[in-house]
Structure formats: C-alpha cells, structure tokens
Amino acid sequence: MSIISWIILGLLAGILAKWIMPGKDGGGFIMTTLLGIAGAVVGGWVSTLLGIGTTGGLSIGSIVMATVGALILLFLYNRFAR
C-alpha cells in the first residue's frame, strides 16, 4: 500500500475507534489520526503475524484490523496519558 493509503486507512480507523470508544481525550483530531495510523500499522502487523490477512490493499478486513489496532492504542493512550 502507498503512504497515502496508510494515511487514509489510519484516518478512517482513528475515526471509527473514536466513535466506538468515545471519551475525553487531550489529543483531539490530530492525535486520533496519528493513533489511527499507528493502529493501522499495528493491526496490519498482527494480522499478518497471525496469518489472518495481508497488508496488500485497502479492504474491509484491513479496515477492521486497523480499527482494532487503533482501539488498542487509544485504550493504552487513555490509560497512560492521565
């Protein structure tokens, strides 16, 4: 995937993660986007490690895995940022 695809996927994953796990974050939109991009990377890495999916394209599976990764990172961010 190209870097623009990762950014779009991360943006989408960050928005979905924030929608699923609402709360008061200090980071705002930029931090949510960065957590989404990092979640896309983490979710893609874990999915290929487990043999569930690949990071070859933008699909429903990649959006789901990126959102799960973003949820994990958002949860950890909320726990340790306080």
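Below are the figures for this structure:
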quantity: Accessible heavy-atom area order of Ser59, Ser5, highest first, probe of 1.4 Å; calculated: Ser59, Ser5
quantity: Candidate residues Met65, Met31: accessible-area rank, largest first, probe 1.4 Å; calculated: Met31, Met65
quantity: FRET efficiency for Ile8 and Ile52, using Cβ-Cβ distance with R0 set to 30 Å, rounded to 0.05; calculated: 0.90
quantity: Extended-chain gain in nm, criterion 0.36 nm per residue less alpha-carbon gap, Leu76 and Ile20; calculated: 18.7 nm
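The values are calculated or read from the model by the stated rules, or taken from the named source; none is laboratory data. Just so we're clear, the structure is a prediction, and the values are computed from it rather than from any experiment. Cβ sites come from the backbone with ideal geometry, for glycine too, and all protein chains shown count toward neighbours. The area values use the complete protein model at the heavy-atom level, side chains included, leaving out ligands, DNA and RNA. Shrake-Rupley method; radii C 1.70, N 1.55, O 1.52, S 1.80 Å.
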